[in-house]
Amino acid sequence: MPSANFPPARFPSDFLWGSATAAYQVEGAVREDGRTPSIWDTYSHTPGRTENGDTGDVACDHYHRRAADVALMADLNLTAYRFSVSWPRVQPTGRGPAVQRGLDFYRALADDLLDRNITPSLTLYHWDLPQELEDAGGWPARDTAYRFAEYAGLVAEALGDRVELWTTLNEPWCSAFLGYGSGVHAPGRTDPVAALRAAHHLNLAHGLGTQALRAALPARARIGISLNPSVVRPLTPSPQDTDAARRIDALANRVFTGPLLQGAYPADLLADTAALTDWSFVEPGDEATAHQRLDMLGINYYTPAVVSHAPDTTAPRSDGHGASNHSPWPAADTVAFHQPPGERTEMGWSVDPSGLYELLVRYGREAPGVPLYITENGAAYDDKPGADGTVHDPERIAYLHAHLTAVQRAMEVGADVRGYFLWSLMDNFEWSYGYSKRFGAVHVDFATQVRTPKSSGRWYAEVARTGILPGPPA
Ligand code: FCB
């Protein structure tokens, strides 16, 4: 990454300063107004699946505290908010007509945001598949892609007058490979072929969903997807380690960007996985369907991966995605994952802003003309209120400063970045880690639901207000 250069340039005045959440991580109210269980309700209620047995039953109680939470966003000078719609709240069985009360919640949320000049950014699917659809086969079943397109159309009809920024899926890699490969995410299946089938049906769902959105939304709507591309680095420059990095790049990144950006699965991915499957679940025309025009591309970034070729190791490799005896990486048994040296967050993820710079430059080139948004970036730290009730989190300020500097550097070399969404607005249900990992710019006391902006939240509010990064923190 080119070296820092102060005083840094001002971000463009229309740059979106946002924060992000996801329905199951914040809403709670899981049995209200007609909502039915999603795969995450089932999974979190299964003993042993989440830390401390935590569930999203109450989470941040955002379903009931919506207006106050939007006021908090305004207090933090946010100009955008990325939220997701809970599929089982608006279409409980995953098919058929929508439930009006569910849609009303999101219409009211969008109205509250617009009243405060906060741009709503809506994600249709942040991992909460209606349980009935999982029972019918889940993402490994082709029909789920068609169900998703129907759901997308229902939400578009209800919110198209209020919401301009739409993303179909959040991090389909996690849905496919953590949900059906390693099983550390719902629904917790551990079948590498099911994971590859799920990845394909998610690509198809994105394509069909985009078509359904375009049919229902006004022309001003901008439609895209949020991916979590891996920055994959070989441990050494040896040909074997370089090939391990190529293999993981295919399974992490090009399995999605191949169809989405080029209309075809990469040949090396099909060859690498040929012993597992002949990919006959890809029907003629599917890759073209997945290849829809993108009005935006969302990039979620946390940490890079370092890999090597390790043919003799049969033990599972830690890749930062939770503990499992099953790898999330199909046909990559000879690849080992390494923890890079240096600073780490509470997740154990190394802090490396150069990875964000690399991704923005890479996807600026691979998706020319497509505006980029950082739809997630942030860090977990063990934040605790002090005796005076305030929460000081200098590590998070340093993390945000370094990553926003990386964003600026990428923009200086031509990446068309239009916005940044801090993960997360507030501490919330961190999937398998339950409430043990705090990513918020706002601290949440889960016993009382009291929200307290952390010092990083105040710092970010100032960046959002001025559009200027201050000098690096001491
Ligand atoms: C991403 C998820 C998000 C959150 C962060 C920490 O993979 O999209 O919901 O859990 O990680």
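The values are calculated or read from the model by the stated rules, or taken from the named source; none is laboratory data. Just so it is clear, the structure is predicted and the values come from calculations on it, not from any experiment. Backbone-built Cβ (ideal geometry, glycine too); neighbour counts: all protein chains shown. Ligands, DNA and RNA are excluded from the accessible area calculation, which covers all protein heavy atoms including side chains. Shrake-Rupley method; radii C 1.70, N 1.55, O 1.52, S 1.80 Å.
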Highest mean packing first, using Cβ neighbours within 10 angstrom, the peptides 280-290, 64-74 sort as 64-74, 280-290
Per-residue counts of other Cβ atoms within 10 Å, averaged by peptide: what ranking do you get for 194-206, 128-140, 94-106, 177-189, highest first?
194-206, 177-189, 128-140, 94-106
Treat each spin label as a single point 7 Å out from the Cα along the C-beta direction, and report the Ala219 to Asp14 distance in nm.
1.7 nm
Give the shape of region 365-421 as rounded, prolate or oblate, defined through the alpha-carbon gyration tensor: a ≥ b ≥ c are the square roots of its eigenvalues, a/c under 1.5 means rounded, and otherwise the shape is prolate if a/b is larger than b/c and oblate if not.
prolate
When Rg is the radius of gyration of the Cα atoms in region 96-206 and Rh is its Kirkwood radius, what does Rg/Rh come to?
1.03
How long is region 27-164 along each principal axis, judged by its Cα atoms, biggest number first, in Å?
42, 37, 23
Could you work out the relative contact order of region 9-469, using alpha carbon pairs under 8 angstrom and six or more residues apart, expressed as a whole percent?
18 percent
Protection-proxy order for peptides 11-22, 407-418, each taking the mean of Cβ atoms within 10 Å per residue, highest first:
11-22, 407-418
Between region 150-174 and region 27-72, the Cα center-to-center distance that results, in Å:
20 Å
State the percentage of accessible surface on region 126-256 attributable to carbon and sulfur atoms; use a 1.4 Å probe and exclude ligands, DNA and RNA.
53 percent
Under the Karplus relation 6.51 cos²θ - 1.76 cosθ + 1.60, θ = phi - 60°, what is the ordered set of whole-Hz ³J(HN,Hα) values for region 96-110, x standing for Gly and Pro?
x, x, 7, 8, 4, 4, x, 4, 4, 4, 6, 5, 5, 4, 4
Residues of region 9-469: accessible area per residue with a 1.4 Å probe, Å²
35 Å²
Debye intensity ratio in log₁₀ form over the Cα atoms of the chain, taken at each q of 0.07, 0.08, 0.09 Å⁻¹:
-0.32, -0.43, -0.55
